[in-house]
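Written below as structure tokens is the structure these notes are about.
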Amino acid sequence: MQMKILSSRKHRIVTAGMLCVLISLAVPYVTLADDLPKESILPLGLATKAIQAALDVCKKDGYRVSVSVVDREGVLRAMGRADGAGSHTVDSSRKKAYTAASLRRTTSELADLITKVPTLQALRDINGEVLILGGGLPIEIGGEVVGGIGVGGAPGTHLDDACAQGGLDAIGAVPKVSPAK
């Protein structure tokens, strides 16, 4: 009887000891996971809502455009092409969105900047996806750039900007372009 009690106690002590070791091994992993950066994701629903709003603004003004939305890394999230929009507008809208998201600035601002500071001309050659031409706006929500929107096809980059701003307005993103006067 005494042997069974001792054996049972030893078993409990060994089990408790093993449990403590396992818990102590898990704690550093939990701490490391807590240290990982947290990033907001632009939901597909907001991306498509921004696209439709930008298309609607351009259509109201008689422009047939393409609109692309990318995530923070510049990967295409969604794209829409208005009836009759030129085929070149697909690539230009995507590249403008990519440029705005990856460089975290409007493409019109970048175009002005490289004109004023010639040494920044090299920005055009970062990679084949950059297009420094008005119509691309970063999508900033909650103090964080979560993506970019690009519009291509209106007869002027300021008009592409205005349509893209309509997309930002529709999803509650921080305005990047002043309203037309």
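Bear in mind these aren't lab numbers, they're just calculated from the coordinates by the rules spelled out. Just so it is clear, the structure is predicted and the values come from calculations on it, not from any experiment. Glycine gets a Cβ as well: all are built from the backbone with ideal geometry, and neighbour counts include every protein chain shown.
Quick rundown of the values:
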| quantity | calculated |
| --- | --- |
| Those aspartates and glutamates that a straight Cα-Cα span of less than 17 Å connects to Lys96, excepting residues fewer than 8 apart in one chain | Asp71, Glu73, Glu109, Asp112, Asp125, Glu129, Glu140, Asp160, Asp161 |
| Spin-label proximity, Glu129 to segment 143-181 - amide N less than 18 Å from point 7 Å beyond Cα toward beta carbon | 145-152 |
| Normalised contact order of segment 40-135, rounded percent, pairs of Cα under 8 Å and 6 or more residues apart | 22 percent |
| Lys10 versus Asp91: modelled label distance in nm, points set 7 Å from Cα along the beta carbon direction | 7.8 nm |
